[in-house]
1. Stokes-Einstein at 20 °C, 1.002 mPa s, Kirkwood radius from Cα pairs: D for the range A:24-78 in µm² s⁻¹?
2. Quick one: B:Thr87, A:Thr72, fewest Cβ neighbours within 10 Å first, how do they rank?
3. Along each of the three principal axes of the Cα atoms of chain B, give the extent in whole Å, ordering the values from largest to smallest.
4. Mind jotting down a quarter of the surface of the convex hull over the alpha carbons of the range B:99-176, in square nanometres, one decimal?
5. Taking Rh as the Kirkwood radius, which is the inverse of the mean 1/r over Cα pairs, what is the Rg/Rh value for the protein assembly as shown?
6. Taking neighbour Cβ counts within 10 Å as the exposure measure, how do B:Thr26, B:Thr8, B:Thr58 sort from fewest upward?
7. Give me a comma-separated list of calculated 3J(HN,Hα) values for the range B:128-141, in order, Karplus coefficients 6.51, -1.76, 1.60 applied at θ = phi - 60°, integers in Hz, x for any Gly or Pro.
8. Given H placed on each backbone N at 1.01 Å, which residues far from B:Val128 in sequence or on other chains put an amide H within less than 5 Å of it?
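Bear in mind these aren't lab numbers, they're just calculated from the coordinates by the rules spelled out. These figures come from a predicted structure and were not determined experimentally. Here the Cβ positions follow ideal geometry from the backbone for every residue, glycine too, while neighbour counts run over all protein chains shown.
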Amino acid sequence: MEVKQYNFKAVDNDKVISLLQDKFKSVGTSEGNFSLNHGQIYCEVSKETIKNTIKMLKNDKDLKFDYIKCITGVDYKEYLEIVYSLYSFDNNYSVNIKVRIDAANPDVDSITDVFWSADWFEREIWEFFGINFKGHPNLKTLLLPGDVDYHPLLKSFEIKWEKREYVRPKVFE
Amino acid sequence: MGLERKKTLEDHLYLKDKFGKPNILTVSYDKIMNAARSRSIWYLTFGIACCAIEMMATGGSHYDLDRFGMFFRATPRQADLIIISGTITRKYAPVVQRVYMQMAEPRYVLAMGSCAITGGPFYDSYNVVQGIDKVIPVDVYVQGCPARPEALYCGLLKLKEIINRDSIVKKPVIVK
């Protein structure tokens, strides 16, 4: 049996950043603010181009970011942010894409067409931050009970005492 | 050494004589039923959080609940007792209620640890029920975070006392 040999750290930060800058131009994304934090690349892209960007990062032959590690929602009070953490098995490299989202009108394109595994990440962000993912096939609550009308991880969230009281459903009696 | 009287052959013959004959036991129905029931509390295989680890330790070979006639049962139909061993979230509470409703009466509930009693450290959370007694009626509360196996023992022996107080004459009170 032939075992595939991986070239660990086949690329370095500078190479990835220069590659990304080139590739971003091809999909119409602005160059983005690249930054290094704890040895990881972060870059900001605009909300409109996020789906094309992720699709390009996955399908591009040089980059091959073929695995989505995590999608994280962040609340900065003035605006919301989503961080897509992508990983390339072939290059042993990861990149984090940030998208800034308006807090008053939070919505963004779903990337479930590109990464099927983004389904639950997006559902979780939707229920905890209230960010609407346009084009998501199954946008319903994942961890919270189905009847909630609040988003607990927002900074502005403050629950009323009546909401905390558990009301026993009568369906089993 | 030497304090115990050595059993002679006559002693053994006496015992054999006693149990060899057909014998009659005269006792009230409550007493014999409660004696049987309190010595065979079968509890549900139902672990929720870190208290469940202590519950498993209690059921395991070191603490050995089997010697009290208590066993894990994998189905609520055969279980007498449900040990609530962990935090009850709002999403999980209807599930617990459903499992409880599937158990045959008489059924008992033991709330183990501070989460099951009041919500514990997650009391102020948006998604945690403040105690399992908001969902189903509780017989015994065992405190601790998590409760030690010794504490669980104490609770189970208290439950044994509760069962021994039961009677078939009185109609059992069903809390709704």
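1. This corresponds to a translational diffusion coefficient of 168 µm²/s.
2. On the way: B:Thr87 23, A:Thr72 16.
In increasing order of surrounding Cβ atoms, one gets A:Thr72, B:Thr87.
3. Computed over chain B, the largest-to-smallest principal extents equal 72, 44, 24 Å.
4. Details: hull surface 24.0 nm².
Average projection, Cα convex hull of the range B:99-176: 6.0 nm².
5. On the way: Rg = 30.7 Å, Rh = 25.6 Å.
Result: Rg/Rh = 1.20.
6. Values: B:Thr26 4, B:Thr8 9, B:Thr58 22.
By the 10 Å Cβ count, ascending, the order reads B:Thr26, B:Thr8, B:Thr58.
7. 10, 7, 7, x, 6, 6, 6, 10, 10, x, 10, 8, 10, 10
8. So B:Val128 has HN proximity to B:Arg90.
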